[in-house]
Amino acid sequence: MLQFIPVFDGNTIAVRASGQITLEDYQQFLPQLETQIKRLGKISLLFEFDNFSGWDLDAAIDDIKFGMKHLSDFERIAMVGDKSWEHWMALIAKPFLISSEVRYFNRENLQQAWDWLREKQEFEKAVEQLQPYQNIVVAVDFSLYSKHACKRAIELANYYQASLTLLNVVPEVLAYTLYGDPVGYNVVDLDIIKDQNKKGIDAAQFQMKAFVKDLDTDFPIETKVICGEINYGVVSFLEAQHVDLAIFGAKKKKGINKLLGSVPHYVQNHSRCEILIVPVQEPVL
């Protein structure tokens with residue numbers, strides 16, 4: 001027996017198969033499925049096996065004919081069952097559904113099957129429903145590149161009426177052995193290390209005040225100086241502050257900016273916020 005499961009998700013169709021599927025079942029079901037395909041275009045399909053025992057020969061032939069006719073009409077197919085042969089059936093179907101993604105899920109993972117089918121739709125909705133920036137952060141090192149990035153950030157923050165924060169991460173001074181492990185308390189005076197880190201933060205805060213003054217803007221700007229490993233420090237701050245957009249200044253290279261191994265590259269791969277690189281073209285001498 002084949003039954004449609006009511007779905008209210010865009011181009012997704014859900015079907016439950018139970019018992020043995022006969023030719024009569026297919027002759028009743030396939031015209032309805034074709035109507036849905038014509039109405040929705042390319043579809044995603046959840047095929048749920050419930051005490052399923054297979055097809056009779058005529059139904060299997062009809063199934064193959066239908067599949068060959070609609071090879072390009074399926075976007076994703078999630079097969080949900082509890083038998084090993086049902087899993088193998090999903091694997092066998094993959095090569096014949098070249099333009100479709102096919103994945104098998106055990107019955108206890110039904111929610112994962114739905115999440116996988118809805119994944120692209122959720123992404124498309126997110127793209128269509130872009131929210132205005134609310135919290136913008138510029139990672140600064142007080143260079144001219146950072147100043148250029150800050151000017152762009154002020155424009156964006158003013159346009160979106162977003163908050164703007166300038167962040168500087170001071171590299172933390174640590175005592176390490178030759179092998180990279182922190183040394184023991186009895187080897188180094190930790191007060192010296194603590195004092196060096198405090199001096200670094202104080203110096204950065206002094207630079208930050210001068211840097212903000214030099215921007216010469218009436219737009220309200222928050223500043224933050226933290227101490228730590230730069231890459232992780234930036235990502236940690238962005239996540240904690242629920243930042244929408246992180247901005248970096250950069251030297252413009254010939255061709256594509258060489259970001260591999262840079263702080264922006266690390267942040268792009270480890271943070272959920274958007275990243276904007278503001279390059280500066282240096283004069284050619």
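What is the packing order of peptides 201-212, 134-145, taking the mean over residues of other C-beta atoms within 10 Å and listing the highest first?
134-145, 201-212
For the pairs Lys120/Lys251; Lys147/Lys194; Lys194/Lys224; Lys120/Lys147; Lys147/Lys199; Lys213/Lys251, flag any whose C-alpha to C-alpha distance is greater than 28 Å.
Working: Lys120/Lys251 36 Å; Lys147/Lys194 30 Å; Lys194/Lys224 19 Å; Lys120/Lys147 38 Å; Lys147/Lys199 24 Å; Lys213/Lys251 23 Å.
Long pairs (Cα-Cα over 28 Å): Lys120/Lys251; Lys147/Lys194; Lys120/Lys147.
Relative contact order for the range 1-44: what is it in percent, counting Cα pairs under 8 Å that are at least 6 residues apart? Write down the numbers at each step before the final one.
Values: 42 pairs, mean separation 18.4, N = 44.
The normalised contact order for the range 1-44 reaches 42 percent.
When ranked by the protection proxy of mean other Cβ atoms within 10 Å per residue, highest first, what sequence do the peptides 162-168, 1-7 form? Can you show the working numbers first?
Details: 162-168: 20.7, 1-7: 12.9.
The packing order, highest mean first, is 162-168, 1-7.
Apply the Karplus parameterisation 6.51 cos²θ - 1.76 cosθ + 1.60, with θ equal to phi minus 60°, to every residue of the range 270-281 and state each ³J(HN,Hα) to the nearest whole Hz, in sequence, with x for glycine and proline.
Along the range 270-281, the couplings run 10, 10, 8, 7, 6, 10, 10, 9, 10, x, 10, 8 Hz.
If we sort 239-245, 33-39 on the protection proxy, mean other Cβ atoms within 10 Å, highest first, what's the order?
Numbers: 239-245: 15.7, 33-39: 13.3.
Most protected by this proxy first, the peptides run 239-245, 33-39.
Whose amide H sits under 5 Å from the amide H of Asn135, counting only residues 5 or more places off or on another chain, with H placed in the peptide plane?
Ser163, Asp244, Leu245
Values in this text are rule-based calculations from the coordinates and carry no lab data. Here the structure is a predicted model, which is why all the values come from computation and not from measurement. Here the Cβ is made from the backbone with ideal geometry for all residues, glycine too, and neighbour counts use every protein chain on show.
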